[in-house]
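Single-structure report; data block below.
Read-outs: derived from the displayed coordinates by stated rules, not from any lab. What you see is a predicted model; the values in this text were computed from it and never measured. Here Cβ is always computed from backbone atoms with ideal geometry, including for glycine, and neighbour counts include all displayed protein chains.
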Amino acid sequence: MTGAPQSRGPQPSWRKPAGMFLILALITVWAVIVGNLSPWIGQLPALVQAAIYVVAGIVWILPLKPLLSWMETGRWRA
């Protein structure tokens, strides 16, 4: 057989590895921010601390939807 090799489907996108590194950077930055706030949060009552840490544990997920959309489609909005 001669000629150009046939493609075996879509080629991997650079956006997925870049997006993975952005997600890791987001988690790292968020953890540093919350960690730096912990001395002040630690002075609050235990139930307030728990509520703050639950919210802080969920809030970092919000930027993931557009980031994951970008990783799949190349656009920030679906």
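Could you tell me the calculated FRET efficiency between LEU68 and VAL48, based on Cβ-Cβ distance and R0 = 30 angstrom, to the nearest 0.05?
0.40
Round to the nearest 0.05 the FRET efficiency obtained for TRP60 and TRP14 when R0 = 30 Å and r is the Cβ-Cβ distance.
About 0.80, to the nearest 0.05.
Can you tell me how region 6-72 classifies by the Cα gyration tensor, rounded, prolate or oblate, using a/c under 1.5 as the rounded cut?
Judged from the Cα gyration tensor, region 6-72 comes out prolate (a/c at least 1.5, a/b above b/c).
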